[in-house]
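Right, one structure below, let's go through it.
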Amino acid sequence: MEGKIIGKVINYFEHVGVAAIKLSKGLKLGDTIRIVGGDLDFTEVIDSMQVNGKNVDSAKAGEGVGIRVSEKVGKGYRVYLVK
């Protein structure tokens with residue numbers, strides 16, 4: 001279940017449980033991602049994401065997205081697309 005790397009966590013907003021992720025590949029609603037870093041290795045289904053504070057259905061490589069996650073993540077954690 002390695003998946004294909006699609007980005008890295010660049011920030012985490014604990015008060016809302018949102019990870020800011022810089023994408024190197026595209027991402028869309030319904031995709032399953034895997035976040036790996038530190039002692040964490042977990043998956044999330046993307047049910048909402050934001051770009052520049054606006055809800056979007058998809059995001060392109062090079063964009064920064066905000067995604068609600070169930071675990072506290074750290075800067076530099078790797079994000080994979082699980083197919």
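Quick look at the values:
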quantity	calculated
For the chain: rounded, prolate or oblate by the Cα gyration tensor [a/c cutoff 1.5]	rounded
Net +/- balance of residues flanking Val79 in space, Cβ distance below 11 Å, scoring K and R +1, D and E -1	+4
Unit charges at the beta carbon, dipole of the chain: most positive-side option, Ser48, Phe13, Gly76	Gly76
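Throughout, read-outs are computed from the coordinates displayed, never taken from laboratory work. The structure presented is a predicted model; accordingly, all values stated were derived computationally and were not measured. When we count neighbours, we look across all protein chains shown, and the Cβ atoms used for this are built from the backbone with ideal geometry, even at glycine.
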